[in-house]
Amino acid sequence: MTATPQTLPLRALPLQRRLAGQMGWYGAADIIGRVARLAATILVARALGAAELGTAAIAITLFELIRVLVNAGLGQAVIRAEEGRLAASCATAARLAWLLCLGVALLQAGIGLGMAGLGLGGEAGWMLASLAGVYLVMAPGLVPVYLILRAGRVRVTAGISCTQAVAENLLCVALVVGGAGAWGLVLPKLLVAPIWLIGVRRAQPWRRDPAAGTVPAAELLRFALPVLGSEALATARLNLDNLLVGAILGVEALGLYFFVFNAGIGLSLALTGALTSSIYPHFAALRGDLAGLRRALDQALRGIVPAAAGVILLQALAAPLYVPILFGARWAEAAPLVALFCLAAVTRPFAEAAVQALRAAGQPGRELRWSVLGTAAYLGGFALALPFGLVPGIATLVVLATALQLATTIAARRALITEPNA
């Protein structure tokens, strides 16, 4: 079946109502997934020690750092493609996606096997190599998911993500309880990947239309590569801190930090991910109307974005209560760190919304320049604070993250006022 051009969502309702409805689907799916994730985290925290969590954290951190390469901004390039060139853009994107997935799979497998062969990281190298198979499953599903997101079919992606999350966490529990140790946190990521592929291809069948031709790869890459750079730097900020903790404070401190990160910032990542997926197609529909795009951003910043930030703040306030109850008394001392970590994400939804508007305006290069400076300040400050202990390190992250996210929000909005549409 040949995909027909998808129409971007109609703008019949106010932006805040449309975003609230779409994030509601993500929210409902996330609640179900989070219940499963919570049960899994509770069992894992009780069954595994800090050293085992640290080993899994090394593999998962490297996997997340490498995985960002398979996106390369192709999805957002397809979402903002002109209607008449959509089929050709999809054909080119599919070819680039396969090349990227194959190349990244080989890269990650090589890094993992090299780590294992040289005795760097122990089991973490074998874990990383095993996860290279995820990219081979992703490749044939990337264009269908781009089309789903372009059409604003939020309930589809929310349902698939929910199913995948539940399955991953059930497998995680089964493997850890069955004695798989740290492998129980890693293998489910590979085992549930086919669920995502089957879901997106059934929801959006797609085949290349030979009559539509292709667009030059450089056309997509001019937009996609700066987005890739920004996404890679964002991923670095979310993951290289793990490696810094392990290198400076040791594997047991890394295990504690890994627990604090997942118990604290998981909700904010889910909310900002839902916001990004919901808001970008709406902004992309306004790509030719800079004034309208700026108004849409202002609506989002006044409406749905503060609500997302408020939920994250509530989680920070509740952390001292829920951490010892849910995860066990031995993690009680980590509760203040969880609360502190949550505070670093309160301003994140504002920055994410502003960045999506900047991308929709065709200015990903500007975002990339800011990301380079922000990542250097973020990780550099964290590295300088860590020798004084985990608490000063996390406190430094909170200050730096908040300052950088607010600065990004202000700068992106000003860019939409002062710069012409690209």
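Here, each number is a calculation from the coordinates, and none is a lab measurement. This is a predicted model, so every value here is computed, not measured. Counting neighbours? That spans all protein chains shown, and the Cβs are built from the backbone with ideal geometry, glycine included.
Extending 7 Å from Cα along the Cβ direction at residue 209 and again at residue 417 yields two label points whose distance is 4.2 nm. Placing +1 on each Lys and Arg Cβ and -1 on each Asp and Glu Cβ, with no other charges, gives the range 285-404 a dipole about its Cα centre of roughly 300 debye. Sites listed here are GluC sites (Glu not before Pro) in the range 158-253 whose DSSP assignment is loop and whose Cβ has at most 10 other Cβ atoms within 10 Å, and the list is empty. The ranking of 373, 340 by Cβ neighbour count inside 10 Å, starting from the fewest, reads 373, 340.
Using 0.36 nm times the number of residues separating residue 64 and residue 318, minus their current alpha carbon distance, what extension gain do you get? Intermediate results must be reported in sequence, preceding the final value.
Values: separation 254, 0.36 × 254 = 91.44 nm, distance 2.82 nm.
Full extension of this stretch gives 88.6 nm more.
Residue 96 sits among other residues whose Cβ lies under 13 Å from its own Cβ, and their net charge, with Lys and Arg +1 and Asp and Glu -1, is +2.
Phi-derived couplings, Karplus 6.51 cos²θ - 1.76 cosθ + 1.60 at θ = phi - 60°, listed residue by residue for the range 133-146: x, 4, 5, 5, 7, 5, 3, x, x, 6, 5, x, 6, 4 Hz, with x used for Gly and Pro. Exposure proxy for 322, 280: other Cβ atoms within 10 Å of each Cβ, ordered fewest to most, give 322, 280. Each of 67, 80 was scored by other Cβ atoms within 10 Å of its Cβ. Arranged with the fewest first, they read 67, 80. In this rough spin-label picture, where each label sits 7 Å from Cα along the Cβ direction, the residue 244-residue 391 distance is 2.0 nm. With the convex hull of its Cα atoms as the shape, the range 15-418 has an orientation-averaged projected area of 18.2 nm². R0 = 45 Å: FRET efficiency of residue 170 with residue 217, Cβ-based, nearest 0.05? E between residue 170 and residue 217, to the nearest 0.05, is 0.65. Of the chymotrypsin sites (Phe, Trp or Tyr not before Pro) found in the range 340-422, none is in coil by DSSP with at most 10 other Cβ atoms within 10 Å of its Cβ. Under the simplified labelling scheme, the residue 372-residue 95 pair shows an inter-label distance of 3.0 nm, with each label point 7 Å from Cα along Cα→Cβ.
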